[in-house]
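Each reported figure results from applying straightforward, stated rules to the coordinates on display, with no laboratory input. Note that the structure is predicted; figures quoted are calculated from it, not measured. A quick note on method: Cβ atoms are made from the backbone with ideal geometry, for glycine too, and the neighbour counts reach across all protein chains shown.
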């Protein structure tokens with residue numbers, strides 16, 4: 001039986017992760033076996049740059065924290081080495097970064113994830129990772145809106161230009177008559 005001090009430390013870790021799971025927009029579970037130190041360092045650097053918290057966590061700690069937040073369905077994915085990529089701001093970023101590195105390294109396996117309170121399997125996580133980024137979507141909307149506006153401006157300019165040409169022709173004709 002573990003000592004009371006060790007038990008309290010484990011309870012603190014469960015409370016820490018439970019709070020993180022509750023506050024996170026999304027988190028993704030991954031199996032990191034087979035990554036070299038260099039690959040892991042590169043992955044962690046990319047995570048920091050994307051403002052994603054990336055940690056290796058004991059499955060028992062993650063399991064208790066998940067249950068406290070109603071994520072009982074994660075039990076089946078909490079087997080073997082588990083790393084958690086957690087984002088407080090963007091629900092898509094952890095999926096995108098982990099999927100990119102899973103393709104690049106071939107050894108990082110995504111297990112499952114939670115996006116805005118819903119447990120998602122690996123296929124759903126991959127489909128989220130393939131979505132365009134927020135910036136790309138905004139650019140597409142702005143481009144879609146600006147196209148018709150430019151068309152309207154060109155049509156209005158053409159009418160005004162035609163009117164100016166007609167008035168200029170009338171003025172020249174009147175000057176020629178006078």
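Summary table below
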| item | result |
| --- | --- |
| Point-to-point label distance, residue 9-residue 104, nm (Cα→Cβ direction, 7 Å offset) | 3.4 nm |
| Sorted by Cβ neighbour density within 10 Å, fewest at the top, the residues 27, 101 | 101, 27 |
| Packing-based ranking, highest mean first, of 94-100, 3-9 given that Cβ atoms within 10 Å are counted | 94-100, 3-9 |
| Taking the chain and dividing mean pair separation by its residue count, relative contact order in percent (alpha carbons under 8 Å, at least six apart) | 25 percent |
| Exposure proxy order (Cβ contacts within 10 Å, fewest to most) of 19, 173 | 173, 19 |
| Between 0 and 90°, nearest 10: helix 4-23 axis offset from the chain longest Cα axis | 20 degrees |
| Modelled FRET efficiency - R0 25 Å, residue 141 with residue 89, Cβ distances, 0.05 increments | 0.75 |
| Label-to-label distance, nm, for residues given as residue 134 and residue 167 (7 Å Cα→Cβ offset) | 4.8 nm |
| Sum of -39500 (n - 2.57) over DSSP H runs of 4+, divided by residues of the chain (222 nm, nearest 500) | -20500 deg cm²/dmol |
| Angle between the chain longest axis and helix 59-68 axis [Cα atoms, degrees, rounded to 10] | 70 degrees |
| Highest-MSF residue in the chain out of 41, 93, 82 [GNM, Cα springs under 10 Å] | 41 |
| Cα long-axis angle, helix 134-177 against the chain (0 to 90 degrees, to the nearest 10) | 10 degrees |
| Those residues of the stretch 91-115 whose amide nitrogen sits under 16 Å from the label point placed on residue 46, 7 Å along Cα→Cβ | 92-111 |
| Calculated Rg and Dmax of the chain using C-alpha coordinates, Å | 28.6, 115 |
| q = 0.17, 0.24 Å⁻¹: log10 I(q)/I(0) that the Debye formula gives for the stretch 132-178, counting C-alpha atoms only | -0.64, -0.81 |
| In range of the label at residue 121: residues from the stretch 88-104 whose backbone nitrogen is under 14 Å from the point 7 Å along Cα→Cβ | none |
| For the stretch 1-19 versus the stretch 120-178, the gap between their alpha-carbon centres in whole angstrom | 61 Å |
| Among 161, 63, 48: highest mean-square fluctuation, GNM of the chain, C-alpha pairs under 10 Å | 161 |
| Residues in the stretch 76-115 that a label on residue 39 would reach, taking backbone N under 19 Å of a point 7 Å out along Cα→Cβ | 80-85, 95-112 |
